[in-house]
Amino acid sequence: MKAVTTCIPPRSGELCAPIRFLLRHDSTVLELTSRHRITDIAWDTDESAVSMVVEITDPATSRPVDVRFDVVATGTTASEPISARTTLIGHVDRKSGRAAVYGTYLGVVADEN
């Protein structure tokens with residue numbers, strides 16, 4: 001799989017921490033650093049979930065953003081429309097069949113103050 005981002009890729013040589021996420025639902029919102037890269041996606045049969053490895057930069061130097069991930073079965077449509085902010089992350093083969101995984105940049109996390 002080619003590494004993809006939903007916002008801004010990390011700078012060349014920037015240290016990143018790989019974190020594994022499990023997408024257990026067809027639609028999941030995660031808070032990531034704005035500079036991130038998704039390097040792996042697969043179906044985890046033991047967890048019955050989509051496994052995704054995201055490399056994130058230091059949260060102190062990169063703003064937090066919300067990203068929605070949608071797992072859409074082949075031959076169906078997403079519950080939310082695909083937009084210019086949506087990126088195809090990859091495809092997985094689930095028990096129920098092949099599915100596409102999309103990531104949609106929702107925006108910078110609102111300041112709580």
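Using a 7 Å offset from Cα along Cα-Cβ at residue 76, what residues in the stretch 20-54 end up with backbone N under 15 Å from the label point? Answer for this model: 24-28, 49-50.
Taken one residue at a time, the phi angles of the stretch 39-48 give Karplus couplings (6.51, -1.76, 1.60, θ = phi - 60°) of 10, 7, 8, 7, 8, 9, 5, 5, 8, 6 Hz. Gly and Pro are set to x.
Relative contact order of the stretch 1-62, please, whole-number percent, based on alpha carbon pairs below 8 angstrom and at least 6 residues apart. For the stretch 1-62, the relative contact order is 43 percent.
Spin-label pair residue 60-residue 27: with each label point 7 Å from Cα along the Cα-Cβ axis, the two points sit 3.7 nm from one another. Taking 7 Å steps out from each Cα toward its Cβ at residue 100 and residue 44 produces label points 2.5 nm apart. Relative contact order for the chain: 28 percent, from Cα pairs under 8 Å spaced at least 6 residues apart, divided by residue count.
Give the calculated FRET efficiency between residue 88 and residue 108 to the nearest 0.05, with a Förster radius of 25 Å applied to their Cβ-Cβ distance. That gives a FRET efficiency of 0.65.
None of the figures in this text is laboratory data; all of them are computed from the coordinates on show. The model shown is predicted, which means the values in this text are computed figures rather than measured ones. Backbone-built Cβ (ideal geometry, glycine too); neighbour counts: all protein chains shown.
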